[in-house]
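The values are calculated or read from the model by the stated rules, or taken from the named source; none is laboratory data. Computed from a predicted model, the values in this text were never measured in an experiment. Glycine gets a Cβ as well: all are built from the backbone with ideal geometry, and neighbour counts include every protein chain shown.
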């Protein structure tokens, strides 16, 4: 008895027919049974899609084709399988490689190599049909947007609850976090700090996850904050199967589409402050602007004695990985200064960060601010903190609970599919309830994967702690951290061409201490 795997999928124009998929499922099984074939697998694609890699059941079919699960693949027609000539020929290639036969039951025959030309034409026509249908849908969507007849945002938005089509209300709890993020940004906090601070205060995404610094940046810059929705910013290219940016002049702007969380004036003010701070750290600006506020501890601290500009952190490849070098801003803009010409440029020395820290370490040790006997105590304290932070409950119990819950949802979904095949429920009910179950299962799987990832990080923890301890000693990381902390007490350091480093304390113009760059310590 030959084995058959059946693939069922509704075409786009049939989606409005409630029983279309259920009818196709029952019809294909009946035909297979009349042929005397044993049905070993049935792939029911309950949701349509033009891109093959996004269709879960189709991908499962491709995988099973290599596992000797069946001898025949049965479909209703070519356009039920796919609407892309490229995907069609790829499928035929996989079919041939695995010595399988394709039965198209609407035509009542097996596909042969003689059919390749005509089937290719059918695939091209089906692809063209889908392309035209996509254009019509996009055009209708575009006209609705241009007439401002509704934005109909389908994704959930942090800060608002959707009550119905184009009807939204503010989620006061989330909106308060949103406003707090604006307040922190106004105070000068970066997005990394904002993300961590809001997480500590209890802000979570709709799935319980931490909201990343990237997402907070988008939210603070988004005009949605003051109620304006911008549509048609990107479009789906049917040929490349990718989203592409739409020119700004073609965007559709709908003001007061949402209740505002902050006023337009307040948001614009905060954005202006963020942009000014970002611009203040760029090369070419006044070196005093943003001094000491950079990403690195030495930013705004190293001053060139030749031209008065500040040094900036750069990196370059070396045999041991990336090598960090600080260079004068004038050099970065104009290279070495030409003696015969006036203009930008500077010929002061560059500073290797490793050598610079060694030079500073000598100064702090000479002043008794970096006693070597403290190193082991600080290292022990750090390792204790690291263990307390990382050595949390593994979450095995929680993982088991979530797995059981996932299995229950899978059983409910299987029972729902059985009711669809038996004709107890229609396709519309299946899509609605099945979609809800799929979303819950997806959320659970995400939680389970996060627990497993965390569990992996605990493996061989003691060995890892020992490795970390040795790496800290070998690299002198504690010393570097201590030097960085002590450097914070310095207003700035002046770099001379002969290697002298003059350190000036905060709040005084008097020379504090002298060091020599690159001298053996």
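Which condition from (1) over 30 Å from residue 24 (Cα atoms); (2) modelled with pLDDT of 65 or more is the one that residue 374 breaks?
Answer for residue 374: the failing condition is (2).
Out of everything in region 401-426 that is without any contact (Cβ under 8 Å) to a residue 24 or more places away in the chain and outside any helix (DSSP H, G or I), what residue ends up being surrounded by the fewest Cβ atoms within 10 Å (Cβ to Cβ)?
Only one residue tops the list, namely 422.
Tell me whether region 283-293 contains one or more residues that are surrounded by 13 or more Cβ atoms within 10 Å (Cβ to Cβ) and at pLDDT 80 or above.
Among the residues of region 283-293, not one is surrounded by 13 or more Cβ atoms within 10 Å (Cβ to Cβ) and at pLDDT 80 or above, which makes the answer no.
Residues being in a loop (DSSP other than H, G, I, E, B), exposed (fewer than 13 other Cβ atoms within 10 Å of the Cβ) and either under 21 Å from the mean Cα position of the chain (by Cα) or free of Cβ contacts under 8 Å to residues at least 60 places away in the same chain (or both): count how many of those fall in region 181-205.
Residues flagged as in a loop (DSSP other than H, G, I, E, B), exposed (fewer than 13 other Cβ atoms within 10 Å of the Cβ) and either under 21 Å from the mean Cα position of the chain (by Cα) or free of Cβ contacts under 8 Å to residues at least 60 places away in the same chain (or both) within region 181-205 amount to 1.
In this structure, is residue 209 surrounded by 13 or more Cβ atoms within 10 Å (Cβ to Cβ) and either closer than 30 Å to residue 444 by Cβ or free of Cβ contacts under 8 Å to residues at least 60 places away in the same chain (or both)?
It is true that residue 209 is surrounded by 13 or more Cβ atoms within 10 Å (Cβ to Cβ) and either closer than 30 Å to residue 444 by Cβ or free of Cβ contacts under 8 Å to residues at least 60 places away in the same chain (or both).
When the residues of region 1-34 are filtered to those that are part of a loop (DSSP other than H, G, I, E, B) and within 23 Å of residue 92 (Cα to Cα), which remaining residue is modelled with the highest pLDDT?
2
Could you say which residue among 240, 233 is touching a strand residue (DSSP E or B) at 6+ places or on another chain (Cβ under 8 Å), modelled with pLDDT under 75, at negative phi and surrounded by fewer than 16 Cβ atoms within 10 Å (Cβ to Cβ)?
After ruling out the rest, the residue left standing is 233.
Given the structure, is residue 398 part of a loop (DSSP other than H, G, I, E, B), exposed (fewer than 15 other Cβ atoms within 10 Å of the Cβ), modelled with pLDDT under 80 and in contact with a helix residue (DSSP H, G or I) (Cβ under 9 Å, 6 or more places away or on another chain)?
no
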